[in-house]
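Peer 1: Okay, here's the structure, questions in a sec.
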Amino acid sequence: MYTTIVNDAGSVAQGIQQSIEIYSLSNRNLYSVSLEAVIYPNPTSEFVMLSVNKNKFSDLYYFVYDLQGRLRKSGEVNKEETYISLEKMESEIFLFEVKKTIKD
């Protein structure tokens, strides 16, 4: 004796083997990036240093956002330590992002 449950989404019968479809999504162009970055001093009023370790990648860029998500500043990371001036920016909390390309 089997119990069958039916609703708008479909049906399932207890005691009967159910078929399962598994899909694997992949992208050959997708790769993982391991990046260690440190921003100091914190807090600051004039500048911060972005220190990037284990940088084996070229075309790295930094982006500075305010808490409303507005882009406030951006630039290229072209060496292990990058100077980022904050002198003309209002005092607030900023979010920093480092990306491989500028076209994302």
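Peer 1: Quick one: count up the residues across region 54-82 that are in a strand (DSSP E or B) and either at pLDDT below 90 or within 17 Å of the chain's Cα centre (by Cα) (or both).
Peer 2: So the answer is 13.
Peer 1: With the requirement that a residue be surrounded by 10 or more Cβ atoms within 10 Å (Cβ to Cβ), hydrophobic (A, V, I, L, M, F, W, C) and over 18 Å from P41 (Cβ atoms), what does region 53-97 give you?
Peer 2: Residues satisfying the conditions are F57, L60, F63, L71, V77.
Peer 1: Consider region 23-53. How many of its residues are farther than 20 Å from Y83 by Cβ and either at pLDDT 60 or above or in contact with a strand residue (DSSP E or B) (Cβ under 6 Å, 6 or more places away or on another chain) (or both)? Working first, answer last.
Peer 2: Within region 23-53, the first condition is being farther than 20 Å from Y83 by Cβ, and the residues that meet it are 23-34.
Checking which are either at pLDDT 60 or above or in contact with a strand residue (DSSP E or B) (Cβ under 6 Å, 6 or more places away or on another chain) (or both) leaves us with 23-30, 34.
Residues flagged as farther than 20 Å from Y83 by Cβ and either at pLDDT 60 or above or in contact with a strand residue (DSSP E or B) (Cβ under 6 Å, 6 or more places away or on another chain) (or both) within region 23-53 amount to 9.
The values are calculated or read from the model by the stated rules, or taken from the named source; none is laboratory data. Everything quoted here is computed from the prediction, not taken from an experiment. Quick reminder, even Gly has a Cβ in these numbers, built from the backbone with ideal geometry, and neighbours come from all protein chains shown.
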